[in-house]
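First the structure, in the form of structure tokens, and then the observations on it.
The values are calculated or read from the model by the stated rules, or taken from the named source; none is laboratory data. Owing to the predicted nature of the structure, the values given are computational and were not obtained by experimental measurement. Every residue, glycine among them, receives a Cβ derived from its backbone with ideal geometry; neighbour counts consider all protein chains shown.
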Amino acid sequence: MRTKDMRRSVAALAALAMAGACTAQGIEVHGGQRQPVRVDTTGTPGATPSPTPSDVPSGIPKQDGGDGGDGKGGRGTAATTPPPTPTPPPSPTPAPKVLWSQGDEGLDVRELQARLRQIAWLFAGPTGTYDEPTVRAVRGFQGKRGLPQTGKTDSVTWARLLNMTREPGKWDLYAYGGQPAASPDPRCLTGRVLCISKTSRTLRWMVDGRTLRTVEVRFGSEGTPTREGVFQVYFKSRDHWSTLYDTPMPYAMFFSGGQAVHYSADFAARGYYGASHGCVNVRDEAAIAQLFAQVRNGDKVVVYW
């Protein structure tokens, strides 16, 4: 063999030896390019090794189901589901507002009593004072309608009562007194005067323009009206008895024919739900007794609207 051919053979053998060594170290030559080769170090022929974390290409999430991973590539973090937000219990229904209760006074209480009278839960009054009979009447009304029996008038009780009754008129409100007296007629401002207002249903006992006493009064019916005008007391009778109507007229002070100012037991019992035969009825017996002692024959009587 020629020297040149021998050199080529030696070079080829050297190349083959280098190629085998590179293959053992994980480098494989293909078409003159060296490529990395994965080497099975477990000794199992043909086995594909599991990638280590460093072998996972970037951008691919790491999965770890063996140590409580959260599925996002993190290790040691337990997978958790947020607990549901508890639903708060419903708020209790607030108690209705109490409008009036025992001890209260005023026109509103008077209206309450007048409405209770309309449906026969109250028989006395109206007085304008929330007293024990009013408490009992309200409690009974509430119980009949399935409401809490507090005896206090709350907004629910009042609404139910409004739906069942009509608005009371002036004399429904003052059937048992308490109405304010009207301003005195100018004719009452001089001398000694029984100043009687049909508008407010009151009698003022006045001396020289000063009111010394005010009492509630009622008048005759439409068929027997009380006369209006200026009169004088002409006759007084402490224990008078009407022969015309066969009825007592105590503390009578006559001022026009058979019409007189006197005490009326019927007025005291029934209030403005009755009427006289033309006289001016007074229901406060103690008050009319004092007036009878002070009024003289000849004192002026003024009856006006």
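Give the range 183-232 a look and list any residue that's aliphatic (A, V, I, L, M) and surrounded by fewer than 17 Cβ atoms within 10 Å (Cβ to Cβ), or say none.
Matches in the range 183-232: LEU189, VAL207, LEU212, VAL230.
For the range 275-305, name all the residues that are assigned to a loop (DSSP other than H, G, I, E, B) and aliphatic (A, V, I, L, M).
Answer for the range 275-305, where residues must be assigned to a loop (DSSP other than H, G, I, E, B) and aliphatic (A, V, I, L, M): ALA275, VAL295.
For the condition outside any loop (DSSP other than H, G, I, E, B), over 51 Å from the mean Cα position of the chain (by Cα) and either over 24 Å from VAL302 (Cβ atoms) or in contact (Cβ under 8 Å) with a residue 24 or more places away in the chain (or both), what is the one hit in ARG238, ARG213?
Result: ARG238 is the single residue among ARG238, ARG213 that is outside any loop (DSSP other than H, G, I, E, B), over 51 Å from the mean Cα position of the chain (by Cα) and either over 24 Å from VAL302 (Cβ atoms) or in contact (Cβ under 8 Å) with a residue 24 or more places away in the chain (or both).
For THR127, are the conditions met, namely being under 17 Å from ARG283 (Cα atoms) and in the same structural domain as GLN294 (by TED's automatic domain parsing)?
No; evaluated as a whole, the condition is false for this residue.
Within the range 223-266, can you find the residues that are at pLDDT below 95 and within 14 Å of ILE196 (Cα to Cα)?
none
One residue is enough: does the range 289-297 have a residue meeting the conditions among the charged types (D, E, K, R) and modelled with pLDDT of 95 or more?
Yes, the range 289-297 has at least one match.
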